[in-house]
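One structure is given below, encoded as structure tokens.
Values in this text are rule-based calculations from the coordinates and carry no lab data. These figures come from a predicted structure and were not determined experimentally. So basically every Cβ, Gly included, is an ideal-geometry build from the backbone, and we count neighbours across all protein chains shown.
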Amino acid sequence: MSVVQVVAEPAHPLLEMRGISKSFPGVKALDGVDVALYAGTVTALIGENGAGKSTLVKVLTGIYQPDAGDILIDGAPVRLADAQAAMRAGITAIHQETVLFDELTVAENIFLGHAPKTRLGLVDWAAMRARAGALLHSIDAPISPYARLKDLSIAQRHLVAIARALSVEARVVIMDEPTAALSYKEVEDLFRIIERLKGQGKAILFISHKFEEVYEIAERFVVFRDGRSVGAGRLAETGQDEIVRMMVGRSVEHVFPKVEVAIGGPVLEVAGYSHPTEFADISFTLRRGEILGLYGLVGAGRSEFCQALFGITRPSAGRLALEGRALTVRSPQDAIAAGIVYVPEERGRHGAVLPMPIFQNVSMAVLGRTTRAGFLRLAEEFALARRYAERLDLRAAALSVPVGTLSGGNQQKVVIAKWLATLPKVIILDEPTKGIDIGSKAAVHAFMSELAAEGLSVIMVSSELPEILGMSDRVMVMREGRLTGIWERDGLDAETLVRAATGNA
Amino acid sequence: MMMSRILKYRELLLGAIILALIAAFSLRAPGFATPRNLAGIFNDTSILIILALGQMAVILTKSIDLSVAANLAFTGMAVAMLNAAYPGIPLPLLIGAAMAIGAVLGAVNGFMVWIIGIPPIVATLGTLTIYRGLAFVLSGGAWVNQTQMTSAFLDTPRIPLLGLPLNGWTALLVIAVIAVIFMRTGFGRALYASGGNPTAALYAGIDVGRTRFFAFVLSGTLAGLCGYLWVARYAVAYVDIAAGFELDTVAACVIGGISTLGGIGSVAGAVLGALFLGVIKNALPVIDISPFWQMAISGLVIIIAVLFNARQERRKGRLILRDAARSPAPAAAEGAAA
């Protein structure tokens with residue numbers, strides 16, 4: 001293998017995607033995107049959450065088949081029928097969370113599934129270790145091929161993952177947010193490896209949210225928005241502002257059912273809330289009837305903060321006051337009793353107890369209220385369930401049937417009923433519309449407005465800018481565990497929020 | 001709808017199978033189906049029923065208690081020795097002591113699972129050995145014989161009341177108390193919730209770890225009670241009593257439809273599962289089937305019951321997907337769940 005030192009960018013792309021489209025029921029994840037990757041060049045793929053980046057990676061690695069469009073390598077069309085085909089075509093990916101095996105050695109991890117064989121068809125251990133050693137050497141990783149993975153640090157495991165990705169004669173290397181879990185020093189090491197790969201003539205697709213990193217390591221960029229490629233070019237000729245505009249510059253295509261509600265006095269006051277490792281010094285005031293958007297990148301500490309508010313984890317410092325009275329939340333019970341509820345992500349999985357009857361699910365968070373002298377009053381539980389079933393138009397043969405027998409929509413109504421039954425003052429919604437289609441989103445947003453109109457205060461954690469801008473009365477942004485600002489709705493633009501979230505001042 | 005019907009159907013089915021077995025056995029062995037003999041079988045199965053109900057509480061929370069029989073052996077030995085050494089201690093106090101010792105041993109399991117975070121199967125496998133070892137240490141390997149124990153201690157469970165010995169009445173009382181606890185108290189509800197969906201339970205303010213702890217305490221308390229009943233019944237206490245009996249309690253639960261994945265099962269199911277094993281055990285010798293066949297038949301039934309459970313759980317999964325895919329309206333409501 002002759003190493004070509006690429007000085008100037010080659011005229012023809014090594015890999016080209018033309019007009020790639022991919023739909024899922026209700027969602028067009030990719031809509032005619034064009035991406036070109038050049039040998040010896042790092043191309044950054046930039047876009048909001050849900051812009052289609054992960055789908056693109058899956059198309060390139062043969063996991064998804066595109067509905068339309070062509071993939072060309074060296075100008076010749078190829079079909080990546082499955083992961084093996086993509087590997088044979090020289091395309092390899094390093095994912096955010098790589099699957100490696102703790103009990104196997106470094107060499108075994110690198111060659112798992114494609115170990116070199118002897119003539120008898122047995123694993124050629126000597127060759128495997130030698131090649132693993134060479135691969136590790138090629139990325140400057142001082143790790144023994146004999147070491148067991150469980151004895152390595154996180155950063156070393158990352159290097160093993162990279163070696164594994166390179167073990168298949170890769171020409172195209174995809175790095176999906178490779179720096180997400182790395183410290184500053186480790187990022188520097190990673191960048192040295194990327195430089196080396198560039199020197200070897202590999203085409204690299206680098207996916208990251210962080211502008212500093214993108215500008216430091218990449219030469220070219222592609223911006224995705226809502227499944228389309230909306231811009232591409234050289235980073236040297238393009239300013240950050242321009243890229244931010246490409247990312248968010250949308251015509252707001254769906255009207256949010258935001259109802260203007262008279263905002264009342266303070267309900268929840270948070271002062272200096274901190275956690276030893278996840279977030280620090282969060283202070284804000286939530287007012288009656290207000291929807292407070294909480295924006296930030298994935299991993300900015302938003303969910304962690306909300307879980308602490310709800311008592312699932314304990315803060316190390318900070319004070320809470322609810323309606324002017326100091327409040328200590330040590331457990332979810334405390335939070336629910338005080339009137340704070342938290343609706344987690346993935347309500348399907350975390351929402352209802354499926355084998356349990358409807359009425360027991362509805363009363364689950366308020367068992368204290370339906371208990372007399374230590375015994376549950378089934379009649380009261382039924383009455384409670386009936387009240388919310390009527391209000392939410394819940395359809396079921398009887399309130400005693402298990403929730404698992406209901407349709408998805410009715411299951412969700414049971415979950416809502418459970419939270420409304422606690423008579424909350426503050427409701428925290430974590431990514432309320434993640435992964436659902438436009439129509440369902442509108443229903444969620446309408447419901448949120450309804451809650452606010454009834455005088456509830458809502459904290460809406462969301463990674464989707466249109467939702468944040470469309471629904472919030474105020475927006476709070478977190479970045480790397482800290483609050484970077486709170487903005488009133490009026491005159492707020494997406495660029496401001498993206499800058500606050502990415503640290504691009 | 002379907003699931004509750006299967007659950008109800010399942011208990012009815014098990015009840016029907018038990019009745020059919022009794023009918024079939026009575027054809028071969030006249031006198032098998034007399035009330036007197038049936039009461040005898042129930043009495044004979046009482047200890048298994050009580051232990052199975054404790055085991056059920058633990059299994060509902062996605063755990064397992066393998067130490068129940070060892071707990072029984074230790075508490076049985078402890079109260080037998082107390083009785084032998086201090087014949088003056090009144091029986092209610094001894095029974096209370098058995099339950100208290102059992103509760104402490106159960107709490108040790110619960111503590112390891114809740115606070116230290118040891119997987120239940122490992123924790124109770126460890127205490128299984130430890131509790132038997134403690135029984136040996138306590139007794140020095142010696143037996144406590146019939147002659148050393150007081151007649152009140154040995155004979156009280158045998159006193160018949162309306163044709164059923166007090167031993168059997170104890171089981172009926174435990175069934176009633178457990179049924180009320182499981183169906184009518186916050187703790188019972190928490191057992192089902194924390195096994196059925198631990199995350200949902202957590203967010204609804206249910207302390208899943210503490211619930212599991214108390215499930216182990218309950219299981220231990222009932223094992224302690226059974227420690228006394230066992231020693232009184234067989235009129236002897238030694239280190240190896242009820243060896244391997246923990247597996248019968250798990251089998252009774254599985255046959256009775258208590259899901260090993262947690263959160264599913266009824267008191268009636270566990271009781272019927274225990275009775276099923278009791279009937280088989282009592283009937284097969286009557287019709288001259290060797291004890292080895294008994295074991296094989298019990299094993300076969302357990303496997304069939306597990307298959308039944310697995311099918312049931314698979315159906316549960318399919319149902320949700322099909323409905324979610326079928327109608328767009330629920331999808332809209334799905335959003336509203338936020």
Report the far tail of the P(r) of the protein assembly as shown, meaning the percent of Cα-Cα pairs longer than 46 Å.
41
Region B:59-156: Rg/Rh from Cα coordinates, Kirkwood Rh?
1.05
Per-residue mean of C-beta atoms belonging to partner chains within 10 Å, peptide A:410-417
5
Return the average number of partner chain Cβ atoms within 10 angstrom of each residue Cβ along peptide A:362-372.
4
Among A:Pro332, B:Ala16, A:Ala379, the residue whose Cα sits farthest towards the positive end of the charge dipole of the protein assembly as shown (+1 at Cβ of Lys and Arg, -1 at Cβ of Asp and Glu, taken about the Cα centre) is B:Ala16
Can you tell me the mean projection area, over all orientations, of the convex hull of region A:349-423's alpha carbons? Units nm², please.
4.6
Set A:Lys53/A:Lys258; A:Lys28/A:Lys434; A:Lys413/A:Lys434; A:Lys28/A:Lys441; A:Lys150/A:Lys210, cut-off 20 Å on Cα-Cα distance; pairs above it are A:Lys53/A:Lys258; A:Lys150/A:Lys210
Would you mind getting me the FRET efficiency between A:His114 and B:Leu125? Use the beta-carbon distance for r and R0 = 45 Å, nearest 0.05.
0.70
As I understand it, the dipole of the protein assembly as shown uses +1 on the Cβ of Lys and Arg and -1 on the Cβ of Asp and Glu, about the Cα centre. Which of B:Gln294, B:Gly195, A:Leu322 lies farthest toward its positive end?
B:Gln294
Region A:349-423 - percent relative contact order, Cα under 8 Å, separation 6 or more:
47
Which of the helices in chain B meet the span-like rule: DSSP H, Cα axial reach of 30 Å or more, Kyte-Doolittle mean at least -0.5?
B:2-28, B:35-60, B:208-234, B:291-326
Quantify how strongly other chains surround peptide B:178-188 by giving the mean number of their Cβ atoms within 10 Å of each of its Cβ atoms.
3
Ranking request for peptides A:132-143, B:124-135: highest mean number of other beta-carbon atoms within 10 Å first, then the rest in descending order.
B:124-135, A:132-143
Using alpha carbons only, what's the Rg to Rh ratio of chain A with Rh from Kirkwood?
1.02
Once you have the Kirkwood Rh of chain B from its Cα pairs, apply Stokes-Einstein at 37 °C and 0.692 mPa s and quote D in µm²/s.
156
Where a label projected 7 Å from the Cα of A:Glu212 along Cα→Cβ would reach, residues of region A:280-324 with amide N under 13 Å:
none
In whole Å, what three semi-axes, largest first, describe the equivalent ellipsoid of region B:99-233 built from its Cα gyration tensor (square root of 5 times each eigenvalue)?
32, 22, 8
Inter-part gap, Cα centre of region A:390-407 to Cα centre of region B:240-305, in whole angstrom, is 35
Mind telling me which of B:Val279, B:Val122, B:Val217 comes out most flexible in a GNM of chain B, alpha-carbon contacts under 10 Å?
B:Val122
